[in-house]
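Report on one structure; see the data block that follows.
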Amino acid sequence: MDLNAQTEILVQKIKHHLITTSGHTAEAATLEEFYQAFCTVLREEIMINQTATIDTIQYKKVRTLNFLSMEYLPGRLLANNITNMSAGELVKAVLTKMNQNYSDLISCEPDPGLGSGGLGRLSSCFLDSLATLQYPARGYGLRYQYGIFEQEIWNGVQVEKPDCWLLNTDPWEMRRDLFSANVRFRGRPTYAQNKHGDAVYLLDDFEEVRALPFDIPVIGYSQKSDYSVLILRLWSTKESPRNFELQRYNAGLLGQAAENTSLTDVLYPNDNTELGKRIRLKQEFLLVSASLQDIIRRHLHVYGDLSNFGDKVRIQINDTHPALIIAELIRTLTKNFDFSWNDAWETCQSCCSYTNHTILKEALEEWNVTRVHDLIPRQLEIIQRLNLDFCNSIRARFPGDEEKVRRLSIIENGQVRMAHLAIHGSHKVNGVAKLHSEILKTKVFKDFFDLHPDKFTNVTNGVTHRRWLLHSNPLLAGFITQRIGAGWISDFTQIEKLASFAADPATQEEFLAIKRKNKEQLIDFLVKENSIRDASGKIIGHSHILEPTSLFDVQIKRIHEYKRQLLSALHLIMLYQELRTNPKARSIHRFALFAGTAAPGYERAKQIIQLLCAIARKFHADDEIHKRLCVAFIEGYNVSKAELIVPAADLSEQISAAGWEASGTGNMKLSMNGALTIGTEDGANIEMREAVTDRWWPFRFGATMEENGQPYKSWDIYLQDEQIRRAVDALKDGTFAESPAESEAFNQIHQSLLESDAFHVLKDLRVYYETQKKVEALFLQPKAWAEMAIHNIAGMASFSTDTSIHNYAQKIWDIQPCPSDPAILAKVRAEYAQYDECKIR
């Protein structure tokens with residue numbers, strides 16, 4: 001069917017949906033109504049392929065992956081779905097015929113509030129690659145009603161507001177009440193035995209919560225109509241009225257009455273309170289219990305029993321949050337399906353694998369035994385038996401070494417160590433960059449590695465180049481395709497071919513022109529939409545910016561001390577002080593952009609945001625400075641804003657203290673889009689540098705992980721380096737503070753730098769300052785800069801999640817691609833077409 005015929009069919013179908021769902025003709029419909037109808041029509045076509053994908057997986061009875069994560073950050077779905085379906089020309093024709101604007105249509109869609117940062121974005125990239133590479137898989141998560149929060153910056157202060165991404169109907173999700181799951185909390189365990197004589201526990205007087213599933217399609221990229229569609233199933237307690245406890249409400253206990261209804265309200269409730277801790281643990285078990293029930297239901301549907309469950313099911317524990325799957329799987333198999341303890345344990349280890357994403361102690365979750373006993377007592381019984389067996393096996397292997405037993409124990413000092421549970425119950429454990437995986441083996445989990453060295457492996461992270469290059473940077477994508485063909489879209493290793501064009505002057509000029517256009521697009525957004533607010537939240541202006549010829553210096557990531565936004569802040573203060581003394585001290589104009597959220601309970605991170613905003617305010621107030629040096633903090637950072645920032649970046653700030661960043665993925669997105677990295681030897685920076693080669697990676701700096709392990713006194717640097725001392729003292733001398741609250745915040749930062757400087761900010765500041773001089777010198781040579789940038793793009797071949805997923809599939813899951821069977825796809829299409837001829841071909 002030609003494009004005109006397809007266009008006419010789709011137009012008629014949209015008109016049909018507008019009338020049947022909104023009661024309006026196309027001419028009278030609002031933009032939001034048109035958006036809903038358009039997405040609904042597109043989803044109908046997607047459902048054909050989704051049905052065929054699922055039917056094929058079930059028919060072929062292949063081993064299947066189940067990916068459990070507390071976070072996903074898919075970004076807006078419509079544009080990405082159009083890209084992956086290769087339906088761009090058709091959509092353009094339809095919108096032209098119906099007098100609709102593509103940008104207006106896209107703006108109707110909010111960013112789904114299902115994650116907080118890199119972990120959630122990585123999870124979404126994984127699902128995209130799993131679908132594109134046609135692996136049999138399903139994702140599981142929670143449907144957060146209000147996301148983590150919507151960030152606003154009120155006179156430099158982060159204010160958290162509900163992220164109302166579900167304010168309107170989400171046309172991409174489908175509620176599946178038939179597959180709801182009941183999850184039991186609290187209660188009184190009653191001892192019993194299964195047929196093998198193993199202890200199992202019944203539960204009396206329990207509290208039951210109903211979890212409703214909402215399915216979101218995950219579309220794999222294809223230039224044909226045979227694309228695979230996987231499912232991301234999200235659980236919600238908000239939509240089930242039976243979770244509301246009316247008796248408690250009538251007794252005046254309003255908070256307790258709504259607790260279970262609100263379990264999926266907010267991602268990561270502030271756990272500085274007992275209520276926050278309780279909700280968070282309940283969230284994690286809700287995800288585990290509901291998902292496992294669904295996994296078992298689907299398995300029984302295909303096979304009839306669980307005799308081959310350990311062979312056919314793979315469960316990926318994405319960080320420690322879903323680690324309770326270990327206990328719940330063993331409990332379910334021994335109690336509900338009469339597995340012996342040993343068979344259940346072997347099945348669990350066969351199924352489960354664990355990815356560690358951080359070495360930060362606060363992220364290696366531990367749960368108080370009393371709290372676990374109160375909320376999930378049967379699962380604690382399983383954990384305690386697992387721990388007893390494990391500790392006894394260690395004692396048998398290392399007689400008399402109780403210190404080793406203590407270090408390895410799953411339960412220690414009244415705390416359940418979730419990472420230990422995940423490692424013990426999994427057949428594979430991986431870090432997410434070579435350095436990170438070595439740290440896990442030699443430091444964080446050394447005792448586990450000594451016990452089971454074959455269990456540990458590495459899979460370096462990646463990003464979905466189709467989202468972060470093809471979709472978000474169409475000008476650069478076209479530039480690449482013009483030179484090396486379109487094969488890179490489905491096989492990113494082909495990007496290496498771009499290196500042969502890096503020295504070509506015409507290629508360099510075109511690259512620089514594209515970069516400038518992307519900067520202009522970002523500037524347009526900043527001056528119109530990135531708000532500056534007063535202390536009451538009132539918008540008093542928009543971002544102050546520099547012209548697109550400036551160096552766009554970008555640091556976009558979660559605000560955290562180890563990521564060292566503070567290092568950038570001190571460098572900017574040094575530049576400010578330099579320019580105040582000598583306005584001609586620097587030859588370039590620098591526009592520093594920051595974006596990211598601070599955890600609600602992380603006071604120091606919030607103080608760093610205050611400082612960055614105060615620096616921005618100070619620079620703008622100085623008539624001479626703001627012409628050459630400008631700072632913007634972008635509030636409400638999300639995927640859609642990243643899609644504007646990343647293509648415009650010249651300099652990528654990847655400056656974490658070496659040994660602390662597990663991998664990073666923003667570093668990969670920025671390099672793929674032609675930004676040069678100023679970076680420490682940390683996380684995936686090391687592998688990126690090795691891939692690009694030192695010749696094209698000119699801005700490496702800072703102490704190594706080994707050097708950071710040496711004794712260090714920041715006070716010595718403060719006393720010996722006058723320029724650094726002046727910059728640090730500007731935090732307390734009133735240069736930037738304009739209120740008592742700011743003075744207190746900046747004084748605390750000043751004090752922390754001199755008393756501990758746990759992340760070695762002052763230790764790296766001088767070399768960072770000198771490396772930034774190299775940045776400026778190279779930026780004054782645009783063609784040399786462009787040549788470097790093009791080599792960086794070409795060096796990113798191994799940093800697509802396609803590569804990551806292939807590695808997981810081969811090294812951990814042992815699964816094979818399962819493309820839709822042509823006969824099954826044809827059958828589904830025929831059944832659909834029998835009563836509905838309106839379809840996209």
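The values are calculated or read from the model by the stated rules, or taken from the named source; none is laboratory data. This structure is a prediction, so every number in the text was calculated from the model and none was measured. Neighbour counts are summed over all protein chains in view; Cβ atoms, including those assigned to glycine, are modelled from backbone coordinates with ideal geometry. We work out accessible area using only protein heavy atoms, side chains counted, and drop any ligands, DNA or RNA first. Shrake-Rupley method; radii C 1.70, N 1.55, O 1.52, S 1.80 Å.
Key figures
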{"item": "Residues satisfying the stated conditions in region 397-410, i.e. part of a helix (DSSP H, G or I) and open to solvent by 80 Å² or more (accessible area, probe 1.4 Å)", "result": "Arg397, Glu402, Glu403, Arg406, Arg407"}
{"item": "Tally, over region 518-544, of residues that are surrounded by fewer than 14 Cβ atoms within 10 Å (Cβ to Cβ), in a helix (DSSP H, G or I) and among the basic types (Lys, Arg)", "result": "1"}
{"item": "Among residues of region 204-232, those that are surrounded by fewer than 18 Cβ atoms within 10 Å (Cβ to Cβ) and either over 37 Å from the mean Cα position of the chain (by Cα) or within 19 Å of Arg371 (Cα to Cα) (or both), counted", "result": "5"}
{"item": "Selection count where residues are acidic (Asp, Glu), open to solvent by 70 Å² or more (accessible area, probe 1.4 Å) and over 15 Å from Ile573 (Cα atoms), scope region 717-755", "result": "3"}
{"item": "Region 353-384: number of residues that are modelled with pLDDT under 95 and either aliphatic (A, V, I, L, M) or open to solvent by 60 Å² or more (accessible area, probe 1.4 Å) (or both)", "result": "6"}
{"item": "Lone qualifier among Asn342, Asn387 - being surrounded by 20 or more Cβ atoms within 10 Å (Cβ to Cβ), in a helix (DSSP H, G or I) and modelled with pLDDT of 95 or more", "result": "Asn387"}
{"item": "Complete set of residues in region 443-454 that are assigned to a helix (DSSP H, G or I) and either closer than 15 Å to Gly659 by Cα or open to solvent by 60 Å² or more (accessible area, probe 1.4 Å) (or both)", "result": "Lys443, Val444, Lys446, Asp450, Pro453, Asp454"}
{"item": "Filtered residue count, region 50-82, keeping only those that are in a helix (DSSP H, G or I), of a type in the set (S, T, N, Q) and either open to solvent by 30 Å² or more (accessible area, probe 1.4 Å) or closer than 17 Å to Ala137 by Cβ (or both)", "result": "5"}
{"item": "Entirely in region 677-721, the helices (runs of 4 or more DSSP H) that have 1 or more residues that are over 29 Å from His750 (Cα atoms)", "result": "685-692"}
{"item": "Residue within region 797-813 that is touching a residue at least 24 places away in the same chain (Cβ under 8 Å) and at positive phi present", "result": "no"}
{"item": "Some residue of region 109-116 being surrounded by fewer than 24 Cβ atoms within 10 Å (Cβ to Cβ), modelled with pLDDT under 95 and under 23 Å from Ala422 (Cα atoms)", "result": "yes"}
{"item": "Single unsatisfied condition, Asn194 versus (1) touching a helix residue (DSSP H, G or I) at 6+ places or on another chain (Cβ under 7 Å); (2) surrounded by 21 or more Cβ atoms within 10 Å (Cβ to Cβ)", "result": "(2)"}
{"item": "Where Gly88 falls short, out of the listed (1) open to solvent by 10 Å² or more (accessible area, probe 1.4 Å); (2) more than 25 Å from the chain's Cα centre (by Cα); (3) more than 23 Å from Leu644 (Cα to Cα)", "result": "(3)"}
{"item": "Only one of Val11, Val41 that is among the β-branched types (Val, Ile, Thr), part of a helix (DSSP H, G or I) and surrounded by 22 or more Cβ atoms within 10 Å (Cβ to Cβ)", "result": "Val41"}
{"item": "Criterion (in contact with a Leu (Cβ under 8 Å, 6 or more places away or on another chain), buried (at least 24 other Cβ atoms within 10 Å of the Cβ) and either of a type outside the set (Val, Ile, Thr) or under 30 Å from Gln508 (Cα atoms) (or both)) met by exactly one of His424, His465", "result": "His424"}
{"item": "Any strands (runs of 3 or more DSSP E) falling wholly within region 103-198 and containing at least 2 residues that are under 30 Å from Phe34 (Cα atoms)", "result": "137-142, 150-154"}
{"item": "Any pair with Cβ under 7 angstrom, 6 or more apart, that starts in region 490-517 at a residue that is over 12 Å from Ala789 (Cα atoms) and ends at one that is open to solvent by 50 Å² or more (accessible area, probe 1.4 Å)", "result": "Pro505/Lys783; Ile514/Leu475; Lys517/Leu475"}
{"item": "Answer from Asp716, Asp721 - the residue that is out of contact with any strand residue (DSSP E or B) (no Cβ under 7 Å at 6 or more places or on another chain), closer than 14 Å to Asp764 by Cα and in contact (Cβ under 8 Å) with a residue 24 or more places away in the chain", "result": "Asp721"}
{"item": "Matching entry among Leu440, Leu470, Leu435 (being open to solvent by 20 Å² or more (accessible area, probe 1.4 Å), assigned to a helix (DSSP H, G or I), more than 30 Å from Asn80 (Cα to Cα) and touching a helix residue (DSSP H, G or I) at 6+ places or on another chain (Cβ under 8 Å))", "result": "Leu435"}
{"item": "Number of positions in region 768-810 that are over 13 Å from Met672 (Cβ atoms) and outside any helix (DSSP H, G or I)", "result": "2"}
{"item": "Selection count, region 478-503, where residues are of a type in the set (Gly, Ala, Ser) and either open to solvent by 50 Å² or more (accessible area, probe 1.4 Å) or within 23 Å of the chain's Cα centre (by Cα) (or both)", "result": "3"}
{"item": "Any hit, region 124-135, residues being open to solvent by 10 Å² or more (accessible area, probe 1.4 Å) and among the small types (Gly, Ala, Ser)", "result": "yes"}
{"item": "From the options Ile793, Ile824, residue that is in contact (Cβ under 8 Å) with a residue 40 or more places away in the chain, open to solvent by 20 Å² or more (accessible area, probe 1.4 Å) and touching a helix residue (DSSP H, G or I) at 6+ places or on another chain (Cβ under 7 Å)", "result": "Ile824"}
{"item": "Output for region 300-333, where each listed residue is of a type in the set (Lys, Arg) and farther than 24 Å from Arg385 by Cα", "result": "Lys312"}
{"item": "Flag if Gly636 is under 30 Å from His465 (Cβ atoms), assigned to a loop (DSSP other than H, G, I, E, B) and open to solvent by 10 Å² or more (accessible area, probe 1.4 Å)", "result": "yes"}
{"item": "Condition check for Met47: surrounded by fewer than 16 Cβ atoms within 10 Å (Cβ to Cβ), under 29 Å from the mean Cα position of the chain (by Cα), closer than 23 Å to Asp294 by Cα and of a type outside the set (Lys, Arg)", "result": "yes"}
{"item": "Complete set of residues in region 606-632 that are buried (at least 22 other Cβ atoms within 10 Å of the Cβ) and within 13 Å of Arg558 (Cα to Cα)", "result": "Ile608, Ile609"}
